[in-house]
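Here, each number is a calculation from the coordinates, and none is a lab measurement. As the structure is a computational prediction, the values presented were derived from the model and not from experiment. Quick reminder, even Gly has a Cβ in these numbers, built from the backbone with ideal geometry, and neighbours come from all protein chains shown.
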Amino acid sequence: MSTQTEEQVAGFNVAEVEVESFDEDDELDNPTYMQQLLAAGLLISTGVDGLYGRSQVFEDVVEGISDLIGAWGEGKQVEVLRFPPAMSRQVLEESGYWANFPDQLGAVFSFCGNERSHQRLLKCLDNKEDWTEDVKPTRIVMTPVACYPVYGVMAARGPLPPGGRLVDIFSYCCRYEPSNQPERMLMFRQREFVRMGTPAQILAFRDEWIEHAKLMMRWLQLPSSIGVANDPFFGRTGKLLIDSQREQQLKFELLIPGVNPDKVTACGSFNYHRDKFSSLWKIQTDTGETAHTGCCGFGLERLALSLFKHHGFDPKVWPRGVRETLWSNKYA
Ligand code: ZN
């Protein structure tokens, strides 16, 4: 930390896209967190930056965190919904995702040619030439945000019940932003709650979750703070959206230091969408007004990385309170 420049301290974006390079001695003496995770076998390299296998221990931590988040819903009127990590391309097109985050999208393509073009494709592969001529987008895209598949499903059910709706979501998400920083994975999991109802219901839900997240961080003995945040909207129009989102305080993030030596890592977010999604997908309250929506979700890998960073790579020796919070029997 003492070698940080002022620039690094002041700006979260510094070093975000820099490719780190190490000379061999430096690497041996001072391995990065990523190198330590790989060496310990917690993460397993696939040869692609941002795409990793996970060990049993890593998965135990992820499952413990997910259960802890899910426990918030106990005793509440909550509907559990699970979707695969891919979603309807049309639904994502309608959501405006292409306008706002085109650079992060993972679309699924497939071969759609005939016998002859198949032969051409194989020849191109042999010759290491471009083989994509007959590969076209399919009707699915990788899910970028866990809650996106939910809104259309809810709209199809008609107006919300008088108390609104509360949905528990878990999904793998894909954001195409290759990096050798462990907290920036291409495929990661989100556990999230989505609330639909009146503006007052959404704001109360968000306030309750922010307080509960602070409590969870105390149980997990992780340093953290809550900050106003924005989504990484693309381009010049994006700048305006960022300013407006921050000004209206529509997004807060749970920030944890440690995983990245130069900046805090956003491990959760608390979002008020106002009527953005409900206007788009026509979700109405029981009194016929356009509903409001919000979601509070956590990046499970980022929370696991934070726990390993602060408590070490062996959960058996983590503080008792942390182990009991995550697992009642295992490791306790
Ligand atoms: Zn969401």
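Projecting the Cα atoms of GLN181, GLY288, GLY258 onto the charge dipole of the chain (Cβ charges, centred on the Cα centre) puts GLY288 farthest toward the positive pole.
With a threshold of 24 Å on the Cα-Cα distance, the over-threshold entries among LYS263/LYS309; LYS214/LYS309; LYS239/LYS276; LYS76/LYS263 are LYS76/LYS263. Under unit Cβ charges (Lys, Arg +1; Asp, Glu -1), what dipole magnitude, rounded to 20 debye, does the chain have relative to its Cα centre? Rounded to the nearest 20 debye, it is 1420 debye.
If I require 15 Å or longer along the helix axis, counting alpha carbons, and a Kyte-Doolittle average no lower than 1.0, what helices from the chain are left? Use full DSSP H segments. Within the chain not a single helix satisfies the rule. Set Lys and Arg Cβ to +1 and Asp and Glu Cβ to -1, take the dipole of region 58-111 about its Cα centre, and tell me which of PRO85, TRP72, PRO102 lies farthest positive. So the residue furthest toward the plus end is PRO102. Within a straight-line Cα-Cα reach of under 30 Å, LYS128 can be paired with the following lysines, leaving aside sequence neighbours fewer than 8 residues apart in one chain: LYS136.
Using only the C-alpha atoms, the convex hull of the chain corresponds to 173 Å³ per residue.
Mean-square fluctuations from a GNM of the chain, with a 10 angstrom spring cutoff on Cα atoms, peak among GLU253, GLU129, GLU74 at GLU129.
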